[in-house]
Amino acid sequence: AAAAPVLTASRAVPAAAGVAMAAPSRAVPPAYDEAPAERVAGLQADLAVEEAWTEAAEPLDMAPYAEAEAEADPAPQPVLERKTGAPRPAVPPAPAMAPSEDEDDLNVFEDAWDDDARAPAVAGPRPQIPVAQPKKVVQQPQPKPMQPSRRAQEEAEPRLRFDEPQVAYELPPLSLLMNPDRIQRHHLSDEALEENARMLESVLDDYGVKGEIVSVRPGPVVTMYELEPAPGLKASRVIGLADDIARSMSALSARVSTVPGRSVIGIELPNDNREMVSFREILSSRDYEDGNRKLPLALGKDIGGDPMVANLAKMPHLLIAGTTGSGKSVAINTMILSLLYKLSPDDLRLVMIDPKMLELSVYDGIPHLLSPVVTDPKKAVVALKWVVGEMEDRYRKMSKMGVRNIDGYNGRVEEALGKGEMFSRTVQTGFDDETGEPVFETEEIQPVKMPYIVVIVDEMADLMMVAGKEIEACIQRLAQMARASGIHLIMATQRPSVDVITGTIKANFPTRISFQVTSKIDSRTILGEMGAEQLLGMGDMLYMAGGAKITRCHGPFVSDEEVEEVVNHLKAFGPPSYVGGVVEGPDEDKADNIDAVLGLNTGGNTGGEDALYDQAVAIVIKDRKCSTSYIQRKLGIGYNKAARLVEQMEDEGVVSSANHVGKREILVPEQA
């Protein structure tokens, strides 16, 4: 007990003198047999020492260390510790020993040092618990500028014009068309598209269609929402809900179709603000100008906004259908201008048939025409027969040269013209009468380049009403064989019914374009499936390539003023050089040959029926009986052919005309 005042005096004197002092040493815990009064006195002495030491020591801000210690070990620390006795030797503390205040200070500094080493974990923000964020489904296409073609770049650069020599022909400049910079662009925000996607999911869920919208692809006219259906969901069920989806989404129409090559179903909804597709913008693209397409057709833009350019030489024929006001005639104008902007009259000639007398008459007088625009349906039959005859002549020429198509023939022509030579061909003309050896002659042919011929028919239904059988025979023949000779067809009709677009025509036109139609039946007639009745009109089309792959496309707009500007530019290079016989018709012998090729001979028999006629005459003379059914049974032919044979025998005087009971007399005497 006497040691406490001594310790207090020894520690209080330096404090009064203002000398820096060290931290008190560790004290040995008192014995438990001390008197209570002595223990109280010791505690009071310790408190006095602590107060004196605290006043003399430099104040230390312990707040950061206390916070770090509280975060590291939230357990409460002892507030007051008993310190008495002499300094303790440096030995490991006993397990039952209570820690002193000095040990707490050391622990605080050690904890602070450890916390500094773990500074990024303590000083930085607390780790956030990951929260499920909504999946981004909008795939906004990056606004990439369309790559201009070389021709567009040359026209954009100013050029000094000196006294240039007069050229025979010059392609129309792009400046005649409307500048695409004047078109107002509309873009929908990502938030609005996300909201529409969630709304569409809820609408589909109301109809029992389980799935998720995984992608949204906005375009100039429509926006396509790609639906990932739940397992076991039939696509036909979603397709049948097109009208209900359009009503629930407050849209004009909705087109639902499968996406080729992917497991999603595309739902196309129209945009509130429709963007007009510029024809000049497509002609300025590299896809049109710098491609290797022989006969490029600028169809427009797909639903993503990329230009679509097709090759008529690969189609090889095109069938177009759509109601009035759907943009069919404007599309034909854009196709014609696409060809005129690419090819000269030496490379392309046109035959235009326009029974409506309004749409194609503006092109009358351009140098690309083979004849004036045909407006009479009867003359249209003559023009198509001339094209069939031209196809036959071209095949004969290519056969003599040993080439397979028009490209090979024109390549041979360019080689011969470059060398300044004539085509020479050795043919056998017969045998020598004396020696019996074959006789050969050399035939020389003038090398003349063959241009492509494109036949454009604006209204097929009018022609089928006037001369359906002849028109169908001509078109069938051309569609089957004209591709190799460089002759291609573009046909359009307002009424895509089976009496206009027959099965024969559909089989030979694998490439088709359907604009807006009135019913699902018309859509099935032209495309083989539904969907065209959901189009928006004004150039909105479905393009079906040869492999039955259907692509939605938005056709460009060309005004009448732009067409007139281009036509006036072409007319400035002189009048067209028409070919005789296109409208007037070929001579009589050639016309008979063409009719024989088409199977349209009614006044006589074709070469295949001559042998049948001789057999029928021999049977009638031998058996002395003549009737249509008798000839039909004997020769095993159809009724129509047998009736034709009997009528021909009557015309040639072999049998008489039928009497009141249908019997005929044999006028030729019986042969022995």
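For the range 218-286, trypsin sites (Lys or Arg not before Pro) meeting the loop criterion (DSSP other than H, G, I, E, B) and having at most 12 other Cβ atoms within 10 Å: 234, 262.
Where a ≥ b ≥ c are the square roots of the eigenvalues of the C-alpha gyration tensor, would you call the range 377-439 rounded, which needs a/c under 1.5, or, failing that, prolate if a/b is larger than b/c, or oblate? Oblate is the answer for the range 377-439, as a/c is 1.5 or above yet b/c matches or exceeds a/b. A DSSP coil position with no more than 15 other Cβ atoms inside 10 Å describes the following chymotrypsin sites (Phe, Trp or Tyr not before Pro) in the range 165-263: 169, 207. Restricting the range 304-345 to trypsin sites (Lys or Arg not before Pro) that sit in a DSSP loop and have at most 15 other Cβ atoms within 10 Å of their own Cβ leaves 314.
Each reported figure results from applying straightforward, stated rules to the coordinates on display, with no laboratory input. Keep in mind that this is a model prediction, so the values were computed, not measured. For neighbour counting, all protein chains shown are included, and Cβ atoms are generated from backbone atoms with ideal geometry for every residue, glycine included.
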